[in-house]
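Have a look at the structure below, then the notes.
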Amino acid sequence: MTHAPNSPEARDIAHHLHAYTDARRHQEVGPLVVERGEGIYVHDIHGRRYIEAMAGLWSVGVGFSEERLVEAAARQMRQLPFYHTFGHKSHGPVIDLAEKLVSIAPVPMSKVFFTNSGSEANDTVMKLLRYRSNALGEPQRKKFISRMRAYHGVTLASASLTGLPNNHRSFDLPIEGVHHTMSPHHWREAMPGESEEAFATRCAEELEALILREGPETIAAFFGEPVMGAGGVVIPPATYWEKIRAVLAKYGILLVADEVICGFGRTGTMWGSTTYAMKPNVVVCSKQLSSSYLPISALMIDETVFEPIADESNRIGTLGHGFTAGGHPVAAAVALENLAIIEERDLVAHVRTVGAHMQKRLRALADHPLVGEVRGVGLIAAVEMVTDKAAKKALDPAGKLGAMIAGILQEKGVVGRAMGDALAFCPPMIITEAQVDAMVDILEASLDEARRRLAV
Ligand code: PMP
């Protein structure tokens with residue numbers, strides 16, 4: 001594709017190294033330059049409108065044109081555009097938001113620590129749990145377990161928790177002390193005829209074997225997304241979390257729920273931890289916390305985590321951790337307004353209704369020759385593409401079919417995201433049933449178009 005000299009596309013190619021992009025290919029194809037947003041739609045600079053079927057990056061819960069968030073930001077900017085929380089300093093928005101998060105937490109929580117991204121939040125959890133182990137006189141308890149296909153971020157530590165090959169390859173990751181157990185992906189990993197319950201038992205047994213191999217006393221925590229997002233929207237099989245939780249409890253290992261995608265209604269309750277009765281000791285959240293209008297993330301810790309940390313900081317004289325913009329007043333004010341909107345409009349109940357409709361519409365595509373599986377909960381789903389249903393295989397190399405169909409979708413006016421050969425759907429929570437219908441109709445047309453192109 002050629003772009004006019006000096007066009008935004010040409011200037012982007014000239015100066016911008018993109019996240020999660022093939023930098024060489026980008027020189028040929030350039031970017032989709034988005035100019036404005038409105039409800040569930042975004043518009044590009046050429047006047048084309050797209051349904052944003054991923055809510056940006058699983059994040060714009062209240063849609064792309066919520067004036068109340070703009071107003072909340074402007075108000076706070078005028079009053080106090082920045083302050084920090086180091087050295088006993090605080091401000092109204094961060095106090096209100098900490099109190100609010102504790103009041104709606106899925107299980108009783110003690111304190112909230114603020115960060116700017118999901119990666120920083122998970123990184124912070126790893127550091128705080130190391131600190132806690134030292135405080136408890138258990139210096140050997142420093143290992144972490146996460147899962148294959150997990151996504152917990154991209155810093156050296158959080159990328160190590162992530163269980164996706166492209167986050168490790170050529171970055172020399174994972175770092176020492178991070179171990180991965182099997183992913184709970186029933187469609188992909190279960191043995192022929194293995195029920196969800198039997199598969200969940202096998203997942204828990206594999207976790208227990210890993211714990212015993214490493215030494216239970218060396219393991220600080222298990223990290224898990226209630227529903228895995230970037231790994232392909234992996235829905236936990238029936239009984240999975242109760243079995244995992246039982247293994248962790250048996251060995252005194254903490255559970256960290258990474259609610260960065262699931263938090264604030266996505267699965268049909270306020271928290272994925274509630275949908276799946278996870279009972280975590282630490283909850284990490286971001287994205288729909290502010291509908292990503294501004295960067296903010298948070299981690300909530302329970303008393304068993306807070307108390308030793310408090311003692312250790314007292315012994316040392318400070319908790320030597322914190323980000324300049326952590327708990328930024330403008331981001332916190334936007335998050336508070338965003339949570340108020342979610343509650344006032346009962347968007348969580350709306351997700352249950354409109355989500356059920358989306359799941360029904362998507363599941364109706366299961367018989368399409370290019371669809372291997374449709375899975376989802378609430379308002380998050382994946383359609384797994386295949387060219388051979390029985391063998392559960394897509395085109396070679398893996399990801400080619402997914403990228404092709406995502407490309408067709410975009411040509412037809414839907415921005416989706418292919419993760420390998422799974423197409424994810426995670427639209428803004430304000431989406432209506434009619435808009436779901438429009439989105440799924442375009443998906444269906446795209447599948448048919450792909451079938452024509454592939455002549456299958
Ligand atoms: N955890 C989960 C579950 C995520 O989905 C993401 C981002 N997609 C992250 C952590 C990392 O968040 P960030 O990109 O803000 O660092």
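The values are calculated or read from the model by the stated rules, or taken from the named source; none is laboratory data. Worth saying up front: this structure is predicted, and the values here are computed from it rather than measured. Backbone-built Cβ (ideal geometry, glycine too); neighbour counts: all protein chains shown. The area values use the complete protein model at the heavy-atom level, side chains included, leaving out ligands, DNA and RNA. Shrake-Rupley method; radii C 1.70, N 1.55, O 1.52, S 1.80 Å.
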Note to self: Going through 349, 325 one at a time, which residue ends up being surrounded by fewer than 21 Cβ atoms within 10 Å (Cβ to Cβ), of a type in the set (Gly, Ala, Ser), farther than 22 Å from residue 39 by Cα and modelled with pLDDT of 95 or more?
What the structure shows: 325
Notebook entry, point to check: Are any residues in region 78-127 within 20 Å of residue 281 (Cα to Cα), in a helix (DSSP H, G or I) and not hydrophobic (A, V, I, L, M, F, W, C), and if so, which ones?
Noted result: 99, 100, 103, 118, 119, 120, 122, 123, 124, 127
Note to self: One residue is enough: does region 248-268 have a residue meeting the conditions open to solvent by 20 Å² or more (accessible area, probe 1.4 Å), farther than 30 Å from residue 420 by Cβ and not in a loop (DSSP other than H, G, I, E, B)?
What the structure shows: yes
Note to self: Given (1) outside any loop (DSSP other than H, G, I, E, B); (2) in contact (Cβ under 8 Å) with a residue 24 or more places away in the chain, identify the lone condition not met by residue 429.
What the structure shows: (1)
Item checked: Which listed residue, of 144, 199, 171, is within 20 Å of residue 245 (Cβ to Cβ), within 16 Å of the ligand (Cβ to nearest atom) and either among the aromatic types (Phe, Trp, Tyr) or open to solvent by 50 Å² or more (accessible area, probe 1.4 Å) (or both) -> 144
Item checked: Close pairs (6 angstrom Cβ cut-off, 6 or more residues apart or separate chains): open to solvent by 30 Å² or more (accessible area, probe 1.4 Å) in region 20-44, of a type in the set (S, T, N, Q) and at pLDDT 95 or above anywhere -> 38/65
Next item on the list: Name the single residue, out of those in region 205-251 being of a type in the set (Gly, Ala, Ser) and within 16 Å of the ligand (Cβ to nearest atom), that is farthest from residue 53 (Cα to Cα).
Entry: 221
Check: Conditions: (1) over 13 Å from the mean Cα position of the chain (by Cα); (2) closer than 23 Å to residue 126 by Cβ; (3) open to solvent by less than 30 Å² (accessible area, probe 1.4 Å). Residue 217 meets all but one. Number of the miss?
Finding: (3)
Next item on the list: Give the residue, chosen from 130, 75, that is open to solvent by 50 Å² or more (accessible area, probe 1.4 Å), within 20 Å of residue 329 (Cα to Cα), in a helix (DSSP H, G or I) and touching a residue at least 24 places away in the same chain (Cβ under 8 Å).
Entry: 75
Notebook entry, point to check: Just checking, which of 103, 110, 65 is modelled with pLDDT of 95 or more and closer than 24 Å to residue 425 by Cα?
Noted result: 65
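Do we find a residue being within 16 Å of the ligand (Cβ to nearest atom) and open to solvent by less than 30 Å² (accessible area, probe 1.4 Å) anywhere in region 92-113?
No: region 92-113 contains no residue that is within 16 Å of the ligand (Cβ to nearest atom) and open to solvent by less than 30 Å² (accessible area, probe 1.4 Å).
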